[in-house]
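The structure appears right after this line, and notes come after that.
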Amino acid sequence: MSITEPRAETGSADRPYPPAPRSGEVPEETAISLYRTMATARKFEKRAYDLFLRNLVKGTTHLGIGQEAIAAGVAAAMRRDDYSFITYRGHNHLIARGTPLGPLMAELLGRDNGLMHGKGGSMHLIDAERGILGSYAIIGAQLVIANGAAWSAQYRGSGQVTVCFFGDGATNIGAFHEALNFAVVWNLPVVFVCENNLYMEYTRIDTVTAVEHPAADRAAAYGLPSVVIDGNDADEVHLTAAAAIEQARAGGGPALIEAVTYRHGGHSRADPAKYRDPEEVRAWLERDPLVSYRARLLGRGVPDAVLDAIDAEITVRVDAATDEATAGDWPDEARLFTNVWSDGGHAWRN
Ligand SMILES: Cc1ncc(C[n+]2csc(CCOP(=O)(O)OP(=O)(O)O)c2C)c(N)n1
Ligand SMILES: [Mg+2]
């Protein structure tokens, strides 16, 4: 192979597994549950934004509106005891893995009845019971930690797979490269999922990156099978993730999925996103993953009434979560000194 030839689409010859984009129909029950997850995440985050405008959300928030198909599609392919590592744009992922909405909303509001008693806020969410081993605000940090979780599962022979989500911006961080290399060397049961929403904060990823696909194009350098998919197509995400996860579970090693998507709003709650071309925004809004998935379900013969009933049920759940969250007490000061160190104390500090 000459050095001018483009990268192999699927990793090296001794890793023949090609995680090609999977298309095709998912079973109707799964499809309806994908719709429910995406619609729940959308309504939850819109409500979170309303609460922010009422000055009730403490700290900042980063919404994943427009990116729901990735969280929904991957989570539906995971086993209950699999691990997720996510970023500060992570509400969708907790919702997709079944975290109750009330404690999640209360956490955003900094209340004592929040998921972590209000100590984490939107950017630092953990739900260990459902395998969410943290949302990370330090770009790229979670990739190497995810390897640790995957190694633990490999060592214990538990069959658990770790899925590690990250943004396109993380691919220019050293930890991304260290993690990919190490995952291949140790054949870890980990699936890396890049949510490529084209922007890292206010900068287009393609203006600072030498390759077209910031995650997938680099994966080949480490012999890691990779694939680029439509991150706004929940079925494609689901089927591709299911293949990669099952391969990892069977001892076939890691894979990387780059899911191309777009955030509808700004980077964080205060960002009006004026740096984006209005035509680009319009084109992506037309490819809204929730709207297009609803149309696909109707095309499959799912009655409007079934989807309307799901929407109504979600509204009731989000309203109840809002009531639960806003009724929560503020955390007691004593909470400052719990869950800080593994011994629960701080005595050894200078
Ligand atoms: C190590 C590190 N450097 C810089 C930042 C500041 N920062 C916060 S978000 C962000 C952009 C990340 O973009 P991307 O990974 O594409 O994720 P997205 O916000 O698009 O989901 C940056 C640079 C950070 N949090 N951590
Ligand atoms: Mg990004």
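No lab work stands behind these numbers, since they all come straight from the coordinates. Quantities reported herein were computed from a predicted structural model and do not represent experimental measurements. Cβ placement follows ideal geometry from the backbone for every residue including glycine, while neighbour counts extend to all protein chains displayed.
Here the contact order of segment 46-163, divided by its residue count and restricted to Cα pairs under 8 Å and six or more residues apart, works out to 27 percent.
In this Cβ point-charge picture (+1 for Lys and Arg, -1 for Asp and Glu), the chain has a dipole of about 520 debye about its Cα centre.
Comparing Ala150, Ala325, Ala244 in a Gaussian network model of the chain, where Cα atoms under 10 Å apart are tied by springs, the biggest mean-square fluctuation is seen for Ala325.
As a length-normalised measure over Cα pairs under 8 Å and 6 or more apart, the relative contact order of segment 137-179 settles at 54 percent. By the count of other C-beta atoms within 10 Å, a proxy for reagent exposure, Arg282, Arg335 are ordered fewest to most as Arg282, Arg335. Kindly identify segment 249-317 as rounded, prolate or oblate by the Cα gyration tensor criterion: order the square roots of the eigenvalues as a ≥ b ≥ c, call it rounded if a/c is under 1.5, otherwise compare a/b with b/c, prolate if a/b is larger, else oblate. Oblate, because a/c is 1.5 or more while a/b does not exceed b/c. In the elastic network of the chain, a GNM with C-alpha springs shorter than 10 Å, the most mobile of Glu129, Glu258, Glu333 is Glu333.
Ratio of Rg to Rh for the chain: 0.97 [Cα atoms; Kirkwood radius as inverse mean 1/r over pairs].
Just how far, in whole angstrom, is segment 35-113 from segment 180-198 if you go by their alpha carbon centroids? Result: 23 Å between the Cα centres. Toward the positive end of the charge dipole of the chain, with +1 on the Cβ of Lys and Arg and -1 on the Cβ of Asp and Glu, the farthest Cα among Pro189, Met116, Leu239 is that of Met116.
Using a Gaussian network model of the chain in which every pair of alpha carbons under 10 angstrom is joined by a spring, one finds that among Met38, Met200, Met105 the greatest mean-square fluctuation is at Met200. Taking every DSSP beta bridge that has both ends in segment 52-209, the antiparallel portion is near 20%.
The ratio of the alpha-carbon radius of gyration of segment 142-211 to the globular-protein estimate 2.2 N^0.38 Å is 1.23. Working from Cα pairs under 8 Å separated by at least six residues, relative contact order for the chain is 25 percent. Adding -39500 (n - 2.57) for every DSSP H run of four residues or longer, then dividing by how many residues the chain holds, sets the calculated 222 nm ellipticity at -12500 deg cm²/dmol.
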